[in-house]
Amino acid sequence: MTDLKFCEPDDIPSEFLKYEGKISQLEVGKTGKVGLLKLKLENDSKKNRTVVTEQYSKVPLYIQKALYYDESLSNMAHLFIMSPSGGVLQGDRYRMDISLANNAVSHITTQGATRIYKMDSNYATQLININVGKDCYLEFIPDQIIPYQHSRYYQKVLLNVDPSASLIYSEIIVPGRVAMGELFSYDICYLKTIGRSIEQKIKFIDSCMLKPKNQDMNMLGILGKHTVLASVYILAKKKYVDVLNQKINSMLKNNDEIYGGSSILPDDSGLLVRMLCNSSELIKTEIYSIVRIARKEILNANFTSIRKT
């Protein structure tokens, strides 16, 4: 039980408190209910590549060894976060701490979608802490979140980025298992993303709380005629912000199937890109296009396809 408080966000929203209570499976905090992943990456000058220098994982979270297959960035470490459980269950508490230092360059993604399973009691949380140190570069592009019927999920993400570093982080929320007839059948999906400096000075706070049973998800001001919502956060040097904003908005205007745009974050600290459409695959393709633009501008390198089976 000692890991539970460490892995659980310290600000559980009041909307989740009514779901507190004992669950019929493994209790909250038991082995298998608390997932922990701690990861540090640094540049190794002798090997001329980014390597994992610290790693600790506790099932149901673990990570595959670093791969180096990018033709334009041979020093970039590609990492895949995996889970043998197949999804997030009621009472689960996950935490990921990811740090980059010493000019590290990495692309991190997930094995597949994050599936939030049906819940008849309690809820699930995930806390993600990302620290990108001086002159480092990170692309953290997980697959979509799929909230199943009656699921309850709170995710808090802290993006701590040095002014000289760059981070691209994305989130996708789909309406559920549409093929199973579950269209906005979940109880609540609450995502909070906070951008900060390495000294933890807040740059922005972005919250997205979806409660389909209390909201008309298709009304103007929420999702409208769309079902898939995506956000991309780009934190980079101020000199890149204007040109990235122009190029990303120009690209989005040329796609009739996606509704969205890019806006500059406070103090020119980066960009927030918000997109709506009706296809998770289409929106993932557009996110990769955004990564392609950002990587070319920041690293002057091409973006090659992510290898997933």
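The values are calculated or read from the model by the stated rules, or taken from the named source; none is laboratory data. Worth saying up front: this structure is predicted, and the values here are computed from it rather than measured. Using ideal geometry, Cβ is built from the backbone for each residue, glycine included, and neighbour counts are taken over all protein chains shown. These area figures cover heavy atoms from the full protein model, side chains too; ligands, DNA and RNA do not enter into them. Shrake-Rupley method; radii C 1.70, N 1.55, O 1.52, S 1.80 Å.
The listed residues are Ile141, Ile173, and the only one of them that is within 22 Å of His107 (Cβ to Cβ) and surrounded by fewer than 22 Cβ atoms within 10 Å (Cβ to Cβ) turns out to be Ile141. Here Arg115 does not qualify as closer than 23 Å to Ile198 by Cβ, charged (D, E, K, R) and out of contact with any Phe, Trp or Tyr (no Cβ under 6 Å at 6 or more places or on another chain).
Ser74 falls short on exactly one of the conditions (1) closer than 22 Å to Arg292 by Cβ; (2) open to solvent by less than 10 Å² (accessible area, probe 1.4 Å), and that condition is (2).
Results for (1) within 17 Å of Glu139 (Cβ to Cβ); (2) assigned to a helix (DSSP H, G or I); (3) among the charged types (D, E, K, R), shown as yes or no for each residue.
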residue: Ile194; (1), (2), (3): no, no, no
residue: Asp242; (1), (2), (3): no, yes, yes
residue: Lys284; (1), (2), (3): yes, yes, yes
residue: Ile287; (1), (2), (3): yes, yes, no
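Where strands (runs of 3 or more DSSP E) fall wholly inside segment 94-165, the ranges with 1 or more residues that are more than 19 Å from Ile234 (Cα to Cα), of a type in the set (A, V, I, L, M, F, W, C) and at pLDDT 95 or above are 114-116, 124-132, 145-147. Report yes if some residue within segment 296-307 is buried (at least 20 other Cβ atoms within 10 Å of the Cβ) and outside any loop (DSSP other than H, G, I, E, B); otherwise report no. Scanning segment 296-307 turns up no residue that is buried (at least 20 other Cβ atoms within 10 Å of the Cβ) and outside any loop (DSSP other than H, G, I, E, B). Of all the residues in segment 1-28, those that are under 15 Å from Val88 (Cα atoms) and either modelled with pLDDT of 90 or more or surrounded by fewer than 16 Cβ atoms within 10 Å (Cβ to Cβ) (or both) number 5. Among the residues of segment 46-61, just one is hydroxyl-bearing (Ser, Thr, Tyr) and open to solvent by 100 Å² or more (accessible area, probe 1.4 Å), namely Tyr56.
Take segment 147-177 and flag every residue that is aliphatic (A, V, I, L, M) and free of Cβ contacts under 8 Å to residues at least 40 places away in the same chain.
Answer for segment 147-177, where residues must be aliphatic (A, V, I, L, M) and free of Cβ contacts under 8 Å to residues at least 40 places away in the same chain: Val157, Leu158.
If you take the residues in segment 161-185 that are among the hydrophobic types (A, V, I, L, M, F, W, C) and closer than 21 Å to Arg292 by Cα, which one is nearest to the chain's Cα centre (by Cα)? The extreme case among them is Ile172. Listed conditions (1) part of a loop (DSSP other than H, G, I, E, B); (2) closer than 26 Å to Met119 by Cβ; (3) open to solvent by 10 Å² or more (accessible area, probe 1.4 Å); (4) touching a strand residue (DSSP E or B) at 6+ places or on another chain (Cβ under 7 Å) are all met by Gln200, apart from (2).
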